[in-house]
């Protein structure tokens, strides 16, 4: 048996996985990152212990406890260098989990894990060259090159959310301006619209959200865009444009067989991916587009759980 854990900016998901890749149990709870690293760590440890006890599994026989986290991670030590969406800097996640759970722990970037999970269990390891883009609270990426996960020279490759698309653009949580994440990450897009609503804007969006500004999400924004809301037309057109620019840049740079797109923003939208591919198609180099598939991820939360449970050390 294996345990997979996914620590995201908004929620924590964990699952109990057998050796065939079947997820036998799943649990989730809010990250509550504002409480700090130690609180998140404690609740993860308690969550794993509770889950395996409820399903009659002992810690000792576990083949692996895999933990996927947002951020830049040292692949050797499992230490988080920097996680802007968790507000963590230089935290010894692997060491602390191993001490708390007393089991074989592996720590991996969450989108590396999700990309590997989608590639191995969704695409069955077919394409030799694949890119994962996951758009949720922020944006992360993963690379499968020549059939293997590519981590880069120091283990922090595929920070696709922080490629600069407009150096004079919106401020990103990483400190730079104009990142892909700052234009298309869910929390950024929602904040831009909420700011206008708090200033008094109404339009068709107001009826869609029934006046609940705090409950606004990107699905509401797309729905208002489709209904012709003036604000959401501007905001969502910008999301589509910059998503398409990112796809074009990735296709030209890496020439993958498939780009897998997932995360809450993509999965919660009806037309976003198709519209962004339309932008890409207008500007991508023809040889880079030839044979390229751009597909939605299919495994949901299980992708990260499975990926971090089986990914190579």
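Just so you know, all these numbers are worked out from the coordinates, no wet-lab data involved. Since the structure is predicted, the reported quantities are computational estimates derived from the model, not experimental observations. FYI the Cβ positions are ideal-geometry reconstructions off the backbone, even for glycines, and counts take in every protein chain you see.
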How much length, in nm to one decimal, is gained on full extension between residue 18 and residue 150, taken as 0.36 nm per residue of separation minus their Cα-Cα distance? 45.0 nm
Under the rule a/c < 1.5 gives rounded, and otherwise a/b versus b/c splits prolate from oblate, where does region 210-313 land using the Cα gyration tensor? oblate
Hey, quick one: spin label on residue 252, modelled 7 Å out along Cα-Cβ, who in region 272-300 has an amide N within reach, i.e. under 20 Å? 275-294
Under the helix-only model (-39500 (n - 2.57) for each DSSP H run of 4 or more, divided by the residues of the chain), the mean residue ellipticity at 222 nm, to 500 deg cm²/dmol, is -12000 deg cm²/dmol
Of 139-146, 61-68, ordering from highest average Cβ density within 10 Å down gives 139-146, 61-68
So for R0 = 25 Å, FRET eff. of residue 49-residue 77 from the Cβ-Cβ r, to 0.05, ends up at 0.60
Working from Cα positions, state the angle (0 to 90°, nearest 10) between the long axis of helix 230-254 and the longest principal axis of the chain. 60
To the nearest 10 degrees, how steep is helix 272-283 against the longest Cα principal axis of the chain, on a 0 to 90 scale? 70
Normalise the Debye intensity by I(0) for region 127-296, one equal point scatterer per Cα, no solvent, then take log10 at q = 0.11, 0.21 Å⁻¹ and round to two decimals. -0.46, -1.41
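How would you rank 93-105, 194-206, highest first, on the average number of other Cβ atoms within 10 Å across their residues?
Working: 93-105: 18.1, 194-206: 14.0.
Packing proxy ranking, top to bottom: 93-105, 194-206.
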By how many degrees, 0 to 90 and rounded to 10, does the Cα axis of helix 186-198 deviate from the longest principal axis of the chain? 50
With a 10 Å radius around each residue's Cβ, average the other Cβ atoms per peptide and rank 209-219, 181-191, 69-79, highest first. 181-191, 69-79, 209-219
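Apply the a/c threshold of 1.5 to the C-alpha gyration tensor of region 171-270 and tell me whether it is rounded, prolate or oblate.
Working: a/c = 2.37, a/b = 1.78, b/c = 1.34.
Prolate, since a/c reaches 1.5 and a/b exceeds b/c.
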